[in-house]
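Trainee: My questions all concern the structure below.
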Amino acid sequence: VIDNGLPEHARVTTCAYCGVGCSFKAEMRGEELIRMVPYKDGKANRGHSCVKGRFAYGYANHKDRILNPMIREKITDPWREVSWEEALAHTASEFRRIQHQYGRSALGGITSSRCTNEETFIVQKLVRAGFGNNNVDTCARVCHSPTGYGLKTTFGTSAGTQDFDSVEKTDVVILIGANPTDGHPVFASRLKKRLREGAKLIVIDPRRIDLVRSPHIEASYHLPLKPGSNVAILTALAHVVVTEGLFDEAFIRERCDWDEFQDWATFVSDPRNSPEEVEKISGVPAAAIRGAARLYATGGNGAVYYGLGVTEHSQGSTTVMAIANLAMATGNLGRPGVGVNPLRGQNNVQGSCDMGSFPHELPGYRHISDEATRDIFEKLWNVTLDDEPGLRIPNMLDAAVDGSFRGIYIQGEDILQSDPDTKHVAAGLAAMECVVVHDLFLNETANYAHVFLPGSTFLEKDGTFTNAERRINRVRRVMAPKNGYADWEVTQLLANALGCGWNYTHPREIMAEIAATTPSFAGVTYELLEKEGSVQWPCNDKAPTGTPVMHVGGFQRGKGKFVVTEYVATDEKTGPRFPLLLTTGRILTQYNVGAQTRRTANTVWHEEDRLEIHPHDAEQRGIKDGDWVRLASRSGETSLKARITDRVAPGVVYTTFHHPGTQANVITTDFSDWATNCPEYKVTAVQVALSNGP
Ligand code: SF4
């Protein structure tokens, strides 16, 4: 064992890829990471891992890492390496000038779901207490913001209801808009084990994902719906539950608002929501919808797991609430084996949302207009907080183009590559006078930056990540930051350059501030995390070692709320010019835009992004497997190679977005979720034609 003389627990840290939150022992020789060994006592992974967490850490030492701060006057100028002192003084001076010239609302910040809870907490603090506004947002805007809205509205808490262990007591799983085999592999293994033991599976996905049929696993139902028809399908499932009397009246009367249930039941019972009518919208046979509804409602403990195929739609929030309705109607909440479980994409999506990264919410999902909550932070921070919600990312970009938003601090996020409508993002960034990018690499957004502050990897800092089951896992520094500072230290230096006067000496002190201000974290300390390994929030006087299953005996909001979820077709329509629907996903060996996975030694496993197309659609266009094709939408066009497969239905094409050259977000539309602005990445009308390559 290569241990640098440290005890085992001091080398245990948390994977910085997906929301499963696997624990690893880092084996070090000096400052060199030799191996990542899955940790047998990790509560989320129990000694298991996937290829990303185990092997894809080479980016930490990659030559592309920028280790010195850089500044430039104009984005067309070459970068100039400067000292940390000069970079921070320059940034502070520019930010002060902008606020003096344009007002305090002319600045904002973006937190990252790649960073720790402590780092995220102090970025939102910098914006609220330092900049004096609420213009803070997070990359969760483009993935799980509808989860936050939908679950808070229906249950009262913006989080999944169960722990991962719960799957061991599940009898029927609805898997909708998620492909855990590729996206959440260690959780997928636990799910597969349960399915092999006899649990039943219903897959709702336009694509025939692996779990529909894999060794010793056969889904009872696969509902291959037309992209964009989630709400119609879920309402049709509810129609069957209500009209066939399969709902759990005792649970609803005790735990939910009965009048709201009756209004909802009347709505879903309407014949236009019947499986026969919804078949016309979704393309899914009515008999399969009826069978799936009966299985979920009567098959024992029913659990729903979902991913971005639910949230990244113009009705993303509505879809989350439709899932919540179904779970409440069937009594599938408040005990192990059931529940509503968002599979979070990035390592700390849950945490970045918990930490007050949204412009309308302080940490713990408390609205900024709530005077009592503001009072807690105002007293501690000795400031007066703005009581109006700030700008979301798309609104910051709009305001930049309009001239009222002039400077931004972006930590660990590449908005030019990951946000919708690339041209608009570029225009917004180009219009600003001081763009500060704090990251590991010169990413695409940095093309529009005036200041670049080098970031640190998860191996170089202490802190915590919160995974998809609300589990707060320790991140431990196993090597010194190559740039000299962990990200939380850089944010503190910037805050102090602006006169904030912070003096944190370790992230445990930031966690103490989180605990002092945020009821769901009131009992969380680094000492408790050392003792327990990890805890799931809420963790407080009522639950001193955390809460594996939420809403036991009662919902966080009091009575569970049924919401009428009317299906509204997306404005993105197919037609003679754009006859196919594009949807997107991930592969196992790559991660999001590939900034880390593409910079690792295991490139032998890397697959390029391909366009999956059904044999019938390919034949019509004279396309053979491996041919270059031109993929065009109303927004833009790109080129990639075709993969001919019946995993996708006729009329649907599918691609991943791991390589910058794929430019998936040049293709996608600028439609977004009505409640949260989460982009509609999963539905784009396109045309596909044979081409000569890029
Ligand atoms: Fe990391 Fe997720 Fe793989 Fe676990 S499943 S090793 S958290 S990428």
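The values are calculated or read from the model by the stated rules, or taken from the named source; none is laboratory data. Fair warning: this is a prediction, and the values are worked out from it, not measured in the lab. All Cβ positions, even for glycine, are placed from backbone atoms using ideal geometry, and neighbour counts span all protein chains on display.
Trainee: Looking only at region 149-185, how many residues end up being in contact with a Gly (Cβ under 8 Å, 6 or more places away or on another chain), in a helix (DSSP H, G or I) and within 14 Å of the ligand (Cβ to nearest atom)?
Mentor: So the answer is 3.
Trainee: Look through region 271-280, keep the residues that are closer than 13 Å to Leu223 by Cα and touching a residue at least 24 places away in the same chain (Cβ under 8 Å), and return whichever of them is surrounded by the fewest Cβ atoms within 10 Å (Cβ to Cβ). Show your work before the answer.
Mentor: Our first condition is that a residue be closer than 13 Å to Leu223 by Cα; within region 271-280, this holds for 275, 278-279.
If we keep only those that are touching a residue at least 24 places away in the same chain (Cβ under 8 Å) as well, we get 275, 278.
Numbers: Pro275: 22, Val278: 25.
Ranking the qualifying residues of region 271-280, first place goes to Pro275.
Trainee: Moving on. Determine whether Leu397 is in a helix (DSSP H, G or I), in the same structural domain as Ile510 (by TED's automatic domain parsing) and touching a Ser or Thr at 6+ places or on another chain (Cβ under 8 Å). Reasoning before the result, please.
Mentor: Values: in a helix (DSSP H, G or I): yes; in the same structural domain as Ile510 (by TED's automatic domain parsing): yes; touching a Ser or Thr at 6+ places or on another chain (Cβ under 8 Å): no.
It is false that Leu397 is in a helix (DSSP H, G or I), in the same structural domain as Ile510 (by TED's automatic domain parsing) and touching a Ser or Thr at 6+ places or on another chain (Cβ under 8 Å).
Trainee: Name the residue, out of Leu308, Leu333, Leu343, that is at pLDDT 95 or above and of a type in the set (A, V, I, L, M, F, W, C). Break it down stepwise before answering.
Mentor: On the way: Leu308 fails: at pLDDT 95 or above; Leu343 fails: at pLDDT 95 or above.
None of the others qualify; the one that does is Leu333.
Trainee: Go through region 22-43 and give me each residue that's within 12 Å of the ligand (Cβ to nearest atom) and within 15 Å of Asn473 (Cα to Cα). Give the derivation first.
Mentor: As a first pass, look at region 22-43 and keep what is within 12 Å of the ligand (Cβ to nearest atom): 22-24, 36-39, 42.
Hits for region 22-43 are Cys22, Ser23, Phe24, Pro38, Tyr39, Gly42.
Trainee: Looking only at region 543-553, decide whether some residue is in contact (Cβ under 8 Å) with a residue 60 or more places away in the chain, within 16 Å of the ligand (Cβ to nearest atom) and part of a loop (DSSP other than H, G, I, E, B).
Mentor: no
Trainee: Oh, and also: Within region 101-118, does at least one residue satisfy the condition of being under 30 Å from Gly307 (Cα atoms), of a type in the set (Val, Ile, Thr) and away from the ligand (no atom under 16 Å from the Cβ)? Outline the logic, then answer.
Mentor: Filtering region 101-118 for residues under 30 Å from Gly307 (Cα atoms) gives 108-118.
Narrowing the set further to residues that are of a type in the set (Val, Ile, Thr) leaves 110-111, 116.
When the remaining residues are screened for being away from the ligand (no atom under 16 Å from the Cβ), the result is 110-111.
There is at least one residue in region 101-118 that is under 30 Å from Gly307 (Cα atoms), of a type in the set (Val, Ile, Thr) and away from the ligand (no atom under 16 Å from the Cβ).
Trainee: So Thr505 ticks every box in (1) over 26 Å from Met70 (Cα atoms); (2) without any contact (Cβ under 8 Å) to a residue 40 or more places away in the chain but one. Which box is left unticked?
Mentor: All conditions are met except number (1).
Trainee: Being in contact (Cβ under 8 Å) with a residue 24 or more places away in the chain, within 25 Å of Ile110 (Cβ to Cβ), surrounded by 24 or more Cβ atoms within 10 Å (Cβ to Cβ) and of a type outside the set (A, V, I, L, M, F, W, C), is that true of even one residue in region 161-168?
Mentor: First, the residues of region 161-168 that are in contact (Cβ under 8 Å) with a residue 24 or more places away in the chain: 161-168.
Narrowing the set further to residues that are within 25 Å of Ile110 (Cβ to Cβ) leaves none.
Scanning region 161-168, I find no residue that is in contact (Cβ under 8 Å) with a residue 24 or more places away in the chain, within 25 Å of Ile110 (Cβ to Cβ), surrounded by 24 or more Cβ atoms within 10 Å (Cβ to Cβ) and of a type outside the set (A, V, I, L, M, F, W, C), so the answer is no.
Trainee: Taking region 186-195 on its own, how many of its residues are out of contact with any strand residue (DSSP E or B) (no Cβ under 9 Å at 6 or more places or on another chain), more than 12 Å from the ligand (Cβ to nearest atom) and not charged (D, E, K, R)? Outline the logic, then answer.
Mentor: Within region 186-195, the first condition is being out of contact with any strand residue (DSSP E or B) (no Cβ under 9 Å at 6 or more places or on another chain), and the residues that meet it are 188-190, 193.
Filter again for more than 12 Å from the ligand (Cβ to nearest atom), leaving 193.
Checking which are not charged (D, E, K, R) leaves us with none.
Result for region 186-195: 0.
Trainee: Taking the conditions exactly as written (touching a strand residue (DSSP E or B) at 6+ places or on another chain (Cβ under 6 Å) and farther than 29 Å from Arg598 by Cβ), does His90 satisfy them or not?
Mentor: Working: touching a strand residue (DSSP E or B) at 6+ places or on another chain (Cβ under 6 Å): yes; farther than 29 Å from Arg598 by Cβ: yes.
Against the criterion (touching a strand residue (DSSP E or B) at 6+ places or on another chain (Cβ under 6 Å) and farther than 29 Å from Arg598 by Cβ), His90 qualifies.
Trainee: Being out of contact with any Gly (no Cβ under 8 Å at 6 or more places or on another chain), within 16 Å of the ligand (Cβ to nearest atom) and not assigned by TED's automatic domain parsing to the domain that holds Ala426 is true for just one of His48, His62. Which residue is that? Spell out how you get there, then give the answer.
Mentor: Details: His62 fails: within 16 Å of the ligand (Cβ to nearest atom).
One residue alone meets the criteria, His48.
Trainee: Show the residue pairs meeting these rules: Cβ distance below 7 Å; 6+ apart or different chains; first residue within region 341-365 and on the phi > 0 side of the Ramachandran plot and surrounded by fewer than 24 Cβ atoms within 10 Å (Cβ to Cβ); second residue of a type in the set (Gly, Ala, Ser) and in a loop (DSSP other than H, G, I, E, B).
Mentor: Tyr365/Ser158
Trainee: Something else about it: Looking at region 587-597, can you tell me whether even one residue there is away from the ligand (no atom under 16 Å from the Cβ), within 23 Å of the chain's Cα centre (by Cα) and either hydroxyl-bearing (Ser, Thr, Tyr) or not assigned by TED's automatic domain parsing to the domain that holds Gly156 (or both)? Spell out how you get there, then give the answer.
Mentor: Filtering region 587-597 down to residues away from the ligand (no atom under 16 Å from the Cβ) leaves none.
There is no residue in region 587-597 that is away from the ligand (no atom under 16 Å from the Cβ), within 23 Å of the chain's Cα centre (by Cα) and either hydroxyl-bearing (Ser, Thr, Tyr) or not assigned by TED's automatic domain parsing to the domain that holds Gly156 (or both).
Trainee: Within region 8-21, work out how many residues are free of Cβ contacts under 8 Å to residues at least 24 places away in the same chain and within 13 Å of the ligand (Cβ to nearest atom). Step through it out loud before you land on a result.
Mentor: Narrowing region 8-21 to residues free of Cβ contacts under 8 Å to residues at least 24 places away in the same chain: 8.
Retained after the next criterion (residues that are within 13 Å of the ligand (Cβ to nearest atom)): none.
Final tally of qualifying residues: 0.
Trainee: In region 218-236, which residues are farther than 29 Å from Thr668 by Cα and within 28 Å of the chain's Cα centre (by Cα)?
Mentor: Start the filter on region 218-236 by keeping residues that are farther than 29 Å from Thr668 by Cα, which leaves 218-221.
If the condition is that a residue be farther than 29 Å from Thr668 by Cα and within 28 Å of the chain's Cα centre (by Cα), then Ala219, Tyr221 are the ones that fit.
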